[in-house]
1. How much area per residue is accessible in the chain when the probe is 1.4 Å and only protein heavy atoms are counted (Å²)?
2. Roughly how many percent of the accessible protein surface of the chain is carbon and sulfur, given a 1.4 Å probe and a whole-percent answer?
3. Please find, in a Gaussian network model of the chain (springs between Cα atoms separated by less than 10 Å), the residue of Ala73, Ala22, Ala108 whose mean-square fluctuation is greatest.
4. GNM, the chain, Cα, under 10 Å: largest mean-square fluctuation among Ser16, Ser69, Ser61?
5. Could you run the Karplus curve 6.51 cos²θ - 1.76 cosθ + 1.60 with θ = phi - 60° over segment 16-29 and give me ³J(HN,Hα) per residue in whole Hz, x for Gly and Pro?
6. At q = 0.26, 0.27, 0.32 Å⁻¹, what is the base-10 log of I(q)/I(0) for segment 27-78 according to the Debye formula with one equal point scatterer per Cα and no solvent? Please give it to two decimals.
7. In the chain, what % of DSSP beta bridges are antiparallel (nearest 5)?
8. Identify which of Ala95, Ala39, Ala77 has the largest mean-square fluctuation in a Gaussian network model of the chain, with springs joining Cα atoms closer than 10 Å.
Amino acid sequence: VQLQASGGGLVQAGGSLRLSCAASGRGLSLLFTGWFRQAPGKEREFVASITSRGTTDYADSVRGRFTISRDNAKNTAYLQMNSLEPEDTAVYHCAGKLAPFLTTMKTARGYEYWGQGTQVTVSS
């Protein structure tokens, strides 16, 4: 499985961005997908996840502002980010794990596949 993240950019506080994570390979219908972010000098942190059946989970810091979704026909997961804050500035990574029964995974080590990061910068 290969993952390709895109959609980052520069936005003012209060603005929105949508990140995409396109997957290729085998077994994609079983793919559990997560988004993580890493700001300079900080550890990589969980942002959101979605199961192969569409069950979602969020970090408290983004709950109510971010929405994770997936389009199985396009093998793509999305992270819609609204009401962005300067504290959301980071490199965002998508990650995957072939696990049809997994309901949540907030630990980066639990993922098997990683896309390259996409930079999100929120100006104040």
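The values are calculated or read from the model by the stated rules, or taken from the named source; none is laboratory data. As the structure is a prediction and not an experimental result, all values here were calculated from the model. These area figures cover heavy atoms from the full protein model, side chains too; ligands, DNA and RNA do not enter into them. Shrake-Rupley method; radii C 1.70, N 1.55, O 1.52, S 1.80 Å.
1. Solvent-accessible surface per residue comes out at 52 Å².
2. 47 percent
3. Between Ala73, Ala22, Ala108, it is Ala73 that shows the largest mean-square fluctuation.
4. Ser61
5. Residue by residue, segment 16-29 yields 9, 8, 10, 9, 10, 9, 8, 10, 9, x, 9, x, 5, 5 Hz.
6. -0.99, -1.03, -1.24
7. In the chain, DSSP labels about 90 percent of beta bridges as antiparallel.
8. Ala39
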